Amino acid sequence: MKTKLILSGLAAMAFAASAHADSIINVTGATAFRKAAVDTIIASYGAGLTGVAQTGAAGSLGALQGATSSIFKGTFPGVSGVTIIRCTFTGSVEGIRDLAVPQNQVFLPVTALVTGGTAYTGPNGSAARYKVPAASESAPAKFAFSDVYPTTSPYSVGGLTDTALGVIVFVPVANKGVSANLTNVTTQAFKALAGTGFQKLSLLTGVAADATNVYLTGRNDYSGTRSTYLAESGFGVSLPVKQWKPTIVSGACSTLRYWPVGDGSNASGVWNGDIAGNGGNSSGGTIATNLGATTLAVQLQNAAGVSIGGATAVNYLSILGFSDSNTAVNTNGAKALSWNGVGVTPDSLLSATDTAKITNGAYTMWGYEHLLYSGDLSATENQSFYDQIIGNIGANIGSAGLDISVMNVGRGDDGGLVAP
């Protein structure tokens with residue numbers, strides 16, 4: 001009898017401990033959508049949010065919205081006890097891979113949510129604490145945000161549930177100080193840039209005297225942004241590209257290097273591996289900074305870092321998510337370009353005029369934002385997270401794009417025909 005009582009007591013203690021254990025939800029995926037994701041998570045917690053931490057600078061909402069990794073703690077609707085949501089934004093295709101071919105991603109540890117840091121009052125009025133963590137841990141993700149359909153990646157092996165959340169908008173952007181003649185990019189010109197790495201400015205402007213070269217910079221192939229611009233242009237998502245890596249010194253581009261192999265997190269590893277030219281930045285935020293540089297005396301280099309000729313004036317361009325394009329243009333001084341003769345103006349939100357261009361089909365540099373998960377939602381915290389994201393994303397999509405409900409046109413796949 002005594003043994004049974006002891007065992008019964010131990011079981012009760014174990015049950016009590018499990019009943020009060022924190023619920024942890026791990027999220028990964030699209031970098032272009034992270035601001036909207038963070039804002040939606042904050043709105044979902046509401047007044048229940050009690051703690052926040054992130055990589056990068058502490059103490060501001062902007063730092064949290066742009067951080068590679070972030071972590072949230074508090075009382076979440078529909079979930080008993082404490083719910084912790086951990087986000088690491090690496091890229092859409094990498095997020096699809098992490099779910100479809102299960103593997104761990106690096107997240108901030110729960111120990112990052114400690115007393116201290118910079119006091120902060122969130123947009124929902126709740127008090128939270130920021131503290132920059134110094135550690136990380138490896139764990140599987142349950143959810144991923146993606147700018148592209150899983151079928152656009154090589155990791156579409158089934159087992160993923162896909163919900164379209166909204167429309168994410170992308171913008172061609174050229175570097176600060178680019179020629180006034182450059183205002184537009186066509187699909188033909190972009191395919192030429194992606195296939196050769198550079199073209200004469202005159203190909204894009206139609207002005208014979210524009211003899212300087214324009215170079216392509218951009219993302220690696222773990223990125224949904226890259227998949228979108230290669231699909232939309234008709235170049236082909238699975239083909240290798242020829243991109244260039246700027247080095248910025250005191251607001252000027254000092255070197256422009258044919259993308260080197262072995263470039264760490266900037267290397268491509270999905271379709272054609274780590275080959276020269278095929279790499280790209282792992283974050284759109286870095287490109288937004290690079291496009292804010294002048295390019296009057298740039299030393300070109302091959303992939304090995306060997307100089308090609310002398311320093312010369314050049315231009316370079318890329319395609320960014322709408323939020324990053326806002327930073328590139330309105331903070332860093334870069335120049336937004338039209339796509340096939342139709343343009344949108346980067347800002348904190350799309351204007352009514354620009355919204356109409358997208359919702360009615362005139363502007364086509366966009367894709368659907370997807371929320372993906374693997375397995376089922378049998379765990380209460382997973383179902384609640386899914387429900388809250390679906391329910392709150394429309395009011396918090398912000399500069400990422402548009403609520404899907406306002407669209408008058410659609411497309412069946414990435415880069416596909418836009419029609420009512």
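Full extension of the chain between Val261 and Asn181 yields a length gain of 25.4 nm, computed as 0.36 nm times the residue separation minus the alpha carbon distance.
Remark: the range 405-420, residue by residue, has Karplus-estimated 3J(HN,Hα) of 5, 8, 6, 9, 10, x, 8, x, 7, 5, x, x, 4, 9, 7, x Hz, where x stands for each Gly or Pro and the curve is 6.51 cos²θ - 1.76 cosθ + 1.60 at θ = phi - 60°. With a cut-off of 13 Å between beta carbons, the residues surrounding Trp259 carry a summed charge of +2, where Lys and Arg count +1 and Asp and Glu -1. Evaluating 6.51 cos²θ - 1.76 cosθ + 1.60 at θ = phi - 60° for every residue in the range 176-186, the Karplus couplings come out as 4, x, 5, 3, 4, 6, 7, 10, 8, 10, 9 Hz, glycine and proline recorded as x.
Modelled spin labels at Thr331 and Thr151, positioned 7 Å past Cα toward Cβ, are 3.7 nm from each other. Modelled label positions at Asn302 and Asp22, each set 7 Å beyond Cα in the direction of Cβ, lie 5.2 nm from each other.
Under a Cβ-Cβ cut-off of 14 Å, what is the net charge of the residues other than Ala180 that fall near it, where Lys and Arg count +1 and Asp and Glu count -1? So the surrounding residues net to +1. The calculated FRET efficiency for the pair Ala139 and Thr212, based on their C-beta separation and a Förster distance of 41 Å, comes to about 0.30. Among the listed pairs Lys176/Lys245; Lys191/Lys242; Lys200/Lys242; Lys176/Lys357, those whose Cα-Cα separation exceeds 19 Å are Lys176/Lys357. Extension gain for Leu349-Ala313 works out to 9.6 nm (0.36 nm per residue, less the C-alpha to C-alpha distance).
Ordering 258-267, 137-146 by mean Cβ neighbour count within 10 Å, with the highest value first, yields 137-146, 258-267.
Report the local net charge at Ile24: Lys and Arg +1, Asp and Glu -1, summed over other residues whose C-beta lies under 15 Å from its C-beta. With Lys, Arg at +1 and Asp, Glu at -1, the net is 0. Each stretch of four or more DSSP H residues adds -39500 (n - 2.57); spread over every residue of the chain, this sum gives -7500 deg cm²/dmol at 222 nm.
Beta bridges from DSSP with both residues in the chain: antiparallel share about 75 percent, rounded to the nearest 5.
Maximal additional length on extending the Val409-Thr196 stretch stands at 73.4 nm, based on 0.36 nm per residue less the C-alpha distance. Checking the a/c ratio against 1.5 first, then a/b against b/c, what shape does the Cα gyration tensor give for the chain? In terms of gyration-tensor shape, prolate.
Each reported figure results from applying straightforward, stated rules to the coordinates on display, with no laboratory input. As the structure is a prediction and not an experimental result, all values here were calculated from the model. No Cβ is skipped: glycine too gets one built from the backbone with ideal geometry, and neighbour counts run over all protein chains shown.
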